[in-house]
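In what follows, a single structure is set out as structure tokens and then discussed.
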Amino acid sequence: TPNYVVASGSITVDTGNDLMTYTKVGRFVWLTGYSNISSVSSPSGTLYMDGAPFAAGGYTEGEHHSHIAFRWSYQSGDAGTLMSYISHASNNIWIEYNDGQTTSNAAVGQKMTSASAFLAGGGYATAS
């Protein structure tokens, strides 16, 4: 079950639509899943999904930043791209927003509504 954490406020996942699965082969973890948001309480600021099944490897030279693809259904009239990554030695998948014009790597928490949904898939390397 994914858990979404914002800097301020809260996001509640619909427990009837919250399946995330993973497969680990050697050091590589593949994640895939879907989740609906059932309610929000004044969310704002940064957003991450916590509880990835294994921490990403704590490497050097940048190979520790693995990107996880998120498809996001959100409020109408909003346009942009979600970018997400899991940083070294972390179980948190950070989710950021880019509007393609002026905002890059912006906090996305305030864009979450009770109609939001996520489709996710991607992989990352662990330490072992």
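Using the Cβ of N36 as centre and a radius below 12 Å, the other residues enclosed give a net charge of -2, where K and R count +1 and D and E count -1. For the range 13-56, the solvent-accessible area with a 1.4 angstrom probe is 53 square angstrom per residue.
Of F28, F54, F118, which has the most accessible area and how do the rest follow, probe 1.4 Å?
Details: F28 100, F54 70, F118 5 Å².
So, going from the largest accessible area down, we get F28, F54, F118.
Note on S42 and A106: the model spin-label points, each 7 Å out from Cα along the C-beta direction, lie 2.2 nm apart.
The values are calculated or read from the model by the stated rules, or taken from the named source; none is laboratory data. Here the structure is a predicted model, which means the values were calculated and not measured. Don't worry about glycine lacking a Cβ; one is built from the backbone with ideal geometry, like all the others, and counts go over all protein chains shown. Accessible surface is based on the protein model in full, side chains and every heavy atom, while ligands, DNA and RNA are left aside. Shrake-Rupley method; radii C 1.70, N 1.55, O 1.52, S 1.80 Å.
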